[in-house]
Amino acid sequence: MKPTTLLALGAIWLSITLAIFLAFLYAPPAKNFIGESSRILFFHVPMAWVSSLAFILAGVASVRYLRTRDVRFDHQARSAVGLGLIFGVLATVTGSLWARVMWNSYWNWDPRQSSIILALTFYLAYFGFRSAVEEVEARRRLAAAYAALGLIVAPFLFYIAPRIAGFTLHPEPILNANLKVEVESRMRQVLLLSSLGFTAFFVWLHILNCRLLTLLEARDAKSLS
Amino acid sequence: MEPATVTGGLGWIAAVNAVIWTGLFLFVFLMHRKIARLEKDR
């Protein structure tokens, strides 16, 4: 392994480890939150951010696949959707734990909860489409067209729908309606570190996943020939 | 509210989270090495 790779991986480990300790021991509990429940924010927000990033990345890779028919973009889209689903589920679980403390119920059909469930269902169907089509090229084209549609669906569900809904129990998003981050400075520092760490961790997983998909495809091609 | 300390309840929660994260990191790191080895053998 190259020294630069090792250094980058060390930085990922360190940033998330630091974020964990700072989230519990440095950042103050937020006002208007019950007890220490606001500390889950340092994990819930990065998970939701990484999930939306992954879905947008999958859409971009899918558009590139449709234009070039380069199989690497299909791998990128498939990997990004899978990871987006994992991070989306983690965002939903951390959000539900927090909702239990604040609203006394794991699930309230709040606009944000509804929109993330719709987004996860939409992307779960991506794998349904993939497994429903036998012919490889047709499967890739259909999956790419579907994930490209996600370029409209994901931003709408993550960023627009919760904002146009007339009611919400959810606190003001980190980036509020005036496009300003109005969070206590220590909380902002930890949130930034945590978001950077989890984004870098996602990039690492995504690269590995794409390499793995290439290996699996080569193995399948070898066994067929 | 009492300030958080390394030896307090929040310190323990942070330590447990850090151990879980380190375990996950090592698992992915080993996967990384295995994938690199498979690519080399191909």
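The values are calculated or read from the model by the stated rules, or taken from the named source; none is laboratory data. Predicted model only: the values in this text are computed from it and were never measured. FYI the Cβ positions are ideal-geometry reconstructions off the backbone, even for glycines, and counts take in every protein chain you see.
Within region A:34-48, is even one residue part of a loop (DSSP other than H, G, I, E, B) and at positive phi? Scanning region A:34-48, I find at least one residue that is part of a loop (DSSP other than H, G, I, E, B) and at positive phi, so the answer is yes. Looking only at region A:1-15, count how many residues are closer than 18 Å to B:A15 by Cα, crowded, with 16+ Cβ neighbours inside 10 Å and of a type outside the set (S, T, Y). Qualifying residue count for the region: 2. Whether any residue in region A:16-29 is within 16 Å of A:H170 (Cα to Cα), surrounded by 18 or more Cβ atoms within 10 Å (Cβ to Cβ) and either in contact with an Asp or Glu (Cβ under 7 Å, 6 or more places away or on another chain) or not β-branched (V, I, T) (or both) is what I want to check. Within region A:16-29, not a single residue is within 16 Å of A:H170 (Cα to Cα), surrounded by 18 or more Cβ atoms within 10 Å (Cβ to Cβ) and either in contact with an Asp or Glu (Cβ under 7 Å, 6 or more places away or on another chain) or not β-branched (V, I, T) (or both). Take the conditions (1) within 16 Å of the chain's Cα centre (by Cα); (2) part of a loop (DSSP other than H, G, I, E, B); (3) aliphatic (A, V, I, L, M); A:V89 misses just one of them, which is (2). Can you confirm whether A:A30 is farther than 19 Å from B:T22 by Cβ, in a loop (DSSP other than H, G, I, E, B) and touching a Leu at 6+ places or on another chain (Cβ under 8 Å)? Yes: the conditions hold for A:A30.
The C-beta contact set for region A:37-48 (first residue free of Cβ contacts under 8 Å to residues at least 24 places away in the same chain and more than 13 Å from A:A99 (Cβ to Cβ), second residue part of a helix (DSSP H, G or I) and among the aliphatic types (A, V, I, L, M), distance under 7 angstrom, 6+ apart or interchain) comprises A:R39/A:A23.
If we keep just the residues of region A:164-215 that are modelled with pLDDT of 90 or more and more than 14 Å from chain B (Cβ to nearest Cβ), which is surrounded by the most Cβ atoms within 10 Å (Cβ to Cβ)? If we take residues in region A:164-215 being modelled with pLDDT of 90 or more and more than 14 Å from chain B (Cβ to nearest Cβ), then A:L191 is surrounded by the most Cβ atoms within 10 Å (Cβ to Cβ).
Within region A:54-86, the residues that satisfy the criterion of being within 16 Å of the chain's Cα centre (by Cα) and either among the basic types (K, R) or surrounded by fewer than 21 Cβ atoms within 10 Å (Cβ to Cβ) (or both) are A:I56, A:V60, A:R78, A:G82, A:L85, A:I86.
The residue list A:V63, A:V50, A:V101 contains one member that is modelled with pLDDT under 95 and touching a helix residue (DSSP H, G or I) at 6+ places or on another chain (Cβ under 7 Å), which is A:V101. Could you check region A:54-83 and list, in sequence order, the residues that are within 14 Å of another protein chain (Cβ to nearest Cβ) and among the aliphatic types (A, V, I, L, M)? Residue satisfying the conditions is A:L83 alone. Contact map, region A:1-22: first residue closer than 25 Å to A:L41 by Cα and facing chain B (nearest Cβ under 10 Å), second residue in a helix (DSSP H, G or I) and among the polar types (S, T, N, Q), Cβ cut-off under 6 Å, separation 6 or more or different chains; pairs are A:A19/A:S194; A:I20/B:N17. Restricting A:L120, A:L142 to residues that are under 30 Å from A:R67 (Cα atoms), over 17 Å from the mean Cα position of the chain (by Cα) and crowded, with 16+ Cβ neighbours inside 10 Å narrows the list to A:L142.
Does A:S51 qualify as being away from chain B (no Cβ under 14 Å), assigned to a helix (DSSP H, G or I), under 30 Å from A:S105 (Cβ atoms) and in contact (Cβ under 8 Å) with a residue 24 or more places away in the chain? When the stated conditions are applied, A:S51 passes them.
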